[in-house]
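Participant: This is the structure I want to talk about, given as structure tokens.
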Amino acid sequence: MSEMTAGPGELPGPAGPEASWVSCKRCQAVVYGKRLARSNGICPQCGHCRPLGAWDRLALLADPGSVEPLDLAADAADPLRFVDDKPYPQRIAEARQSTGLVEAVVCCRLRMAGTPAIAAVMDFRFMGGSLSGAVGELITCAAETALAQRLPLLLVTASGGVRMQEGVIGLMQMAKTAQALHQLDEAGLPTVCLVTDPTYGGVAASFAMLGDVVVAEPGARLGFAGPRVIAQTIKQELPAGFQTAEFLLDRGFLDLICPRPALRHRIGRLLAIGTRRDAVPPAPVEGGAYTVVRDPGLLPERRAWEAVRRARNVARPTTSDYLSMILDDFEELHGDRAGGDCPAIIGGVGRLGGTPLVVIGHEKGHTTRELDRRNYGMPGPAGYRKAARLLRLAAKWGLPVLTLVDTPGAYPGVDAEEQGQATAIAENLRLMGSLPVPVVTVITGEGCSGGALGIAVADRVLIMENAVYTVISPEGCAAILWRDAAAAPTAAQALRVDARSLLELGVVEAVIPEPPGGAEADHAAAAAALRAAVHAELADLAGLDQSRLVAQRRARFRRFGSSRRPDEAVLIPTEGGSW
Ligand SMILES: [Zn+2]
């Protein structure tokens, strides 16, 4: 069967073969070519995403009429004078003839859901999308164009790896493209990679995995070594779904899997959130319902144990409940890029009253099943590393951060220790202490120990009226100091874990009042109060320059345990740039 081909200047609709009958590789259903083209190459029977050529891909991703090919020079070279059963230049000529493309990548300027960007889109039909000197050069030039024009960069990958016919010159393209992406990191310009099937070898091990956000199509396969090579080497059968997008998402290497029809909207939205604009302070809070309590005398005295019991109520809103009520355009981002996607910490990007921001929070769930899946809100090291990755994303994109704390503690388990729980938490404390963007934390339920503080080193720390913050669970404290876990209520009182006590201790700046009956009785009212409070704090922090922000945050934590009065706090100028 013949694939539709087109050169620059023509933009055929998303299509595979034009009119013939095509059988699906996965389910073997026979589909009329025109129907397949209308469905963006998705099998109507099983949903399999058929590979798309670069121009079909652009027609799918770009706003209509927005594609302008970049005028980039990259000559096909034959650095090794390579010959197998035919000379390499002859192979290039044949690939050009059959695809209508100059090389295995097409570079252009485009808009996605209204956001302008530079894109480099690979085409597997051109010698297996292999990474040649010219392909590496074109991708690097596209990145340099994005840098010069201060635009985000989208890379769409489809490749078998480095082109063997160019030997080590092909191999060097991995380093070259990785450097090009790092220049965009240094400039704070967003990069998104879209992984399509298949993406292997030197492309997987360079630019495909270096985007700020890595998106994949359902079922797309990505890996360093091909499955056949691995199976032959280890002489074992590979697990089901090995190297698929779903397999990679579970292991923390992808941010999200997006169905083909939603790609333009969702990637465009991400690029818009990541595109730096001149700092515009958030608009004043609408409605005027904003009241937090800053004077402990205005809060009723209560038994700390009562607060502990309320904070643990599983009917209280969780982080995902709050995010769904306070944000517009929330996109959850997954994974620590190091082997895990902890379900007890969630995070992503969104907008709060028009202001783009990064959000991170512990997630418990409500039902037994959810609680079990989320490990009762007890994160492992992968959770803290996912948080660190999102914090760095906020620093790069210049976005403020909101963290929501609700955990009985970091997970005490063998694997958590093996994977470096202490290291992961420690690194977050250091990272948050120097993050060059505003950070606001709200303790929404249980704030327990280093597992809470690991995402709570903020410029402003607020607490919901019925939440608690403590160094250890009252039961744990009672077992150690009273030698009787039943003494937990006494321990809670002694530890001063309730909101009023925390305000007196200066550990929180303000208390967010809850609706009658508590947050658990009225999620919407609790979320409205939290949203207004966060909005006001972010507006207040928006005017500070980076070094002052970091100096004040460090001074905020420097004073705990110090005999200096708060007005004697020393603001130490920061060198910056250490995140
Ligand atoms: Zn199918």
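Participant: Looking at Val121, Val135, which is the one that is at pLDDT 95 or above, open to solvent by less than 10 Å² (accessible area, probe 1.4 Å) and assigned to a strand (DSSP E or B)?
Facilitator: Working: Val135 fails: assigned to a strand (DSSP E or B).
Step by step, each of Val121, Val135 is checked, and only Val121 is at pLDDT 95 or above, open to solvent by less than 10 Å² (accessible area, probe 1.4 Å) and assigned to a strand (DSSP E or B).
Participant: Is it the case that Arg38 is modelled with pLDDT under 90, more than 23 Å from Thr145 (Cα to Cα), away from the ligand (no atom under 15 Å from the Cβ) and of a type in the set (D, E, K, R)?
Facilitator: yes
Participant: Which of (1) on the phi > 0 side of the Ramachandran plot; (2) of a type in the set (D, E, K, R); (3) in a strand (DSSP E or B) is the odd one out, the single condition Arg109 does not satisfy?
Facilitator: Failed condition: (1).
Participant: Right, another one. Evaluate segment 68-81: report whether one residue or more is open to solvent by 60 Å² or more (accessible area, probe 1.4 Å), within 16 Å of the ligand (Cβ to nearest atom) and either of a type in the set (Asp, Glu) or in contact (Cβ under 8 Å) with a residue 40 or more places away in the chain (or both).
Facilitator: Within segment 68-81, none of the residues are open to solvent by 60 Å² or more (accessible area, probe 1.4 Å), within 16 Å of the ligand (Cβ to nearest atom) and either of a type in the set (Asp, Glu) or in contact (Cβ under 8 Å) with a residue 40 or more places away in the chain (or both).
Participant: Moving to a separate point now. List every residue pair whose Cβ atoms lie under 9 Å apart, where the two residues are 6 or more positions apart in sequence or sit on different chains, the first residue falls within segment 23-43 and is farther than 21 Å from Leu61 by Cβ, and the second residue, located anywhere, is assigned to a helix (DSSP H, G or I) and more than 8 Å from the ligand (Cβ to nearest atom).
Facilitator: Listed pairs, sorted by first residue: Cys24/Leu36.
Participant: Still on this structure, please answer the following. State whether one or more residues within segment 426-434 are open to solvent by 30 Å² or more (accessible area, probe 1.4 Å), within 27 Å of Leu502 (Cα to Cα), part of a helix (DSSP H, G or I) and not hydrophobic (A, V, I, L, M, F, W, C).
Facilitator: Within segment 426-434 (the criterion being open to solvent by 30 Å² or more (accessible area, probe 1.4 Å), within 27 Å of Leu502 (Cα to Cα), part of a helix (DSSP H, G or I) and not hydrophobic (A, V, I, L, M, F, W, C)), the answer is yes, since at least one residue qualifies.
Participant: Within segment 86-101, does at least one residue satisfy the condition of being of a type in the set (D, E, K, R), loosely packed, with under 14 Cβ neighbours inside 10 Å and more than 16 Å from the ligand (Cβ to nearest atom)?
Facilitator: Looking through segment 86-101, at least one residue is of a type in the set (D, E, K, R), loosely packed, with under 14 Cβ neighbours inside 10 Å and more than 16 Å from the ligand (Cβ to nearest atom).
Participant: Turning to a different aspect of this structure: Name the residues in segment 41-60 that are open to solvent by less than 40 Å² (accessible area, probe 1.4 Å) and either out of contact with any helix residue (DSSP H, G or I) (no Cβ under 8 Å at 6 or more places or on another chain) or within 17 Å of Leu110 (Cβ to Cβ) (or both), would you?
Facilitator: Once the filter is applied, which keeps residues that are open to solvent by less than 40 Å² (accessible area, probe 1.4 Å) and either out of contact with any helix residue (DSSP H, G or I) (no Cβ under 8 Å at 6 or more places or on another chain) or within 17 Å of Leu110 (Cβ to Cβ) (or both), segment 41-60 yields Gly47, His48, Leu52, Gly53, Ala54, Trp55, Asp56, Arg57, Leu58, Ala59, Leu60.
Participant: Right, something else. Quick test of your reading of the structure: Ala424 fulfils all but one of (1) touching a Lys or Arg at 6+ places or on another chain (Cβ under 8 Å); (2) of a type in the set (Gly, Ala, Ser); (3) within 22 Å of Phe330 (Cβ to Cβ). Name the failing condition by number.
Facilitator: Among (1) touching a Lys or Arg at 6+ places or on another chain (Cβ under 8 Å); (2) of a type in the set (Gly, Ala, Ser); (3) within 22 Å of Phe330 (Cβ to Cβ), the lone unmet condition for Ala424 is (3).
Participant: Quick one: in segment 303-326, of everything that is outside any loop (DSSP other than H, G, I, E, B) and among the basic types (Lys, Arg), which residue is farthest from Thr403 (Cα to Cα)? I'd like the intermediate steps shown before the answer.
Facilitator: First pass over segment 303-326, keeping only residues outside any loop (DSSP other than H, G, I, E, B): 304-311, 319-326.
Those still in the list that are among the basic types (Lys, Arg) too: 309-310.
Numbers: Arg309: 22, Arg310: 21 Å.
In this case the residue turns out to be Arg309.
Participant: For the condition under 30 Å from Leu544 (Cβ atoms) and more than 17 Å from the chain's Cα centre (by Cα), what is the one hit in Glu427, Glu417?
Facilitator: Selected residue: Glu427, the only one of Glu427, Glu417 that is under 30 Å from Leu544 (Cβ atoms) and more than 17 Å from the chain's Cα centre (by Cα).
Participant: Among the listed residues Asn428, Asn466, which satisfies the condition of being touching a helix residue (DSSP H, G or I) at 6+ places or on another chain (Cβ under 8 Å), within 21 Å of Phe557 (Cα to Cα) and modelled with pLDDT of 95 or more?
Facilitator: Numbers: Asn466 fails: within 21 Å of Phe557 (Cα to Cα).
Only one candidate qualifies: Asn428.
Participant: Sticking with this one: Buried (at least 24 other Cβ atoms within 10 Å of the Cβ) and either over 18 Å from Thr319 (Cα atoms) or among the hydrophobic types (A, V, I, L, M, F, W, C) (or both): is that true of Ala416 in this structure?
Facilitator: Details: buried (at least 24 other Cβ atoms within 10 Å of the Cβ): no; either over 18 Å from Thr319 (Cα atoms) or among the hydrophobic types (A, V, I, L, M, F, W, C) (or both): yes.
Considered against the rule, which asks whether it is buried (at least 24 other Cβ atoms within 10 Å of the Cβ) and either over 18 Å from Thr319 (Cα atoms) or among the hydrophobic types (A, V, I, L, M, F, W, C) (or both), Ala416 comes out as no.
The values are calculated or read from the model by the stated rules, or taken from the named source; none is laboratory data. Just so we're clear, the structure is a prediction, and the values are computed from it rather than from any experiment. Neighbour counts are summed over all protein chains in view; Cβ atoms, including those assigned to glycine, are modelled from backbone coordinates with ideal geometry. Just the protein is used for accessible areas: all its heavy atoms, side chains included, with ligands, DNA and RNA removed. Shrake-Rupley method; radii C 1.70, N 1.55, O 1.52, S 1.80 Å.
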